[in-house]
1. If you average the sequence gap of Cα pairs under 8 Å that are 6 or more apart and divide by the length of segment 93-180, what percent do you get for the contact order?
2. For a quick check: sort 150, 83 by the number of other beta carbons within 10 angstrom, fewest at the front.
3. When a/c reaches 1.5 or more, the comparison of a/b and b/c decides; with that in mind, is segment 126-252 rounded, prolate or oblate per its Cα gyration tensor?
4. Starting from the Cα-Cα distance between residue 26 and residue 192, subtract it from 0.36 nm times their residue separation and give me the gain in nm to one decimal.
5. With 10 angstrom as the radius, rank 127, 91 by how many other C-beta atoms surround their C-beta, starting from the fewest.
6. Which whole-number percentage describes the relative contact order of segment 65-246, with Cα contacts under 8 Å and a sequence gap of 6 or more?
7. To the nearest 0.05, how large is the calculated FRET efficiency for residue 139 and residue 86 if R₀ is 25 Å and r is the Cβ-Cβ distance?
8. DSSP beta bridges in segment 65-246, what fraction antiparallel, as a percent rounded to 5?
């Protein structure tokens, strides 16, 4: 409508047009509010489902006196993605160990932070750190526990597969943490169960908190390497580790 047409409108027509415009604005606002309510309800439902799942995990897997307590107001969890930079780790098909380790830990970081915990990552990008630097970062953070993620490799056995969880030797809380993570990792990923074992790793022996090293699969296995490179499978691995960690915490 041009300026001349607007001037030709009677006062009553102008009022009607203004009323119509206001009704359209109110309808748009109503739709926006409805959309926000729907999104909010969906988010709340997801939180409730996750909370219920966590409760079930803790009820079924929690290990009583071996639960890990927080030093401060909330749990501080250190995550250590193995390798990085020119230290690529092992390779299987499209899966490069340093990338798989970082992707799993990044997903795990998001899951744990969504539960209100503080997460410390020894690396967040393609950076190479020495074993000593990783241990120092974890110790300086004052973390209540540490989870290091690597991939396994069997030089002369391409058929070997399965997840393995290693723990800090002679530390009952570390062993319980490894057992809880192993149980939930197998449950969520459906990987073969390689069990738990005491491991002689610097990241475990040089840290001052319960510590475990999780190997969710073998890159020497063609099938398992393909799964470890898959985003959905990495989510399952991260979810299993997260549930195992939550089942190991003394949440009061």
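Since every read-out is calculated from the coordinates, none of them should be taken as a lab result. Not measured: the values here are computed from a predicted model. Glycine gets a Cβ as well: all are built from the backbone with ideal geometry, and neighbour counts include every protein chain shown.
1. About 25 percent, as a whole number.
2. 83, 150
3. prolate
4. Length gained between residue 26 and residue 192: 54.0 nm.
5. 127, 91
6. 29
7. E(calc), rounded to 0.05, equals 0.50.
8. Expressed as a percentage, antiparallel bridges in segment 65-246 total about 25.
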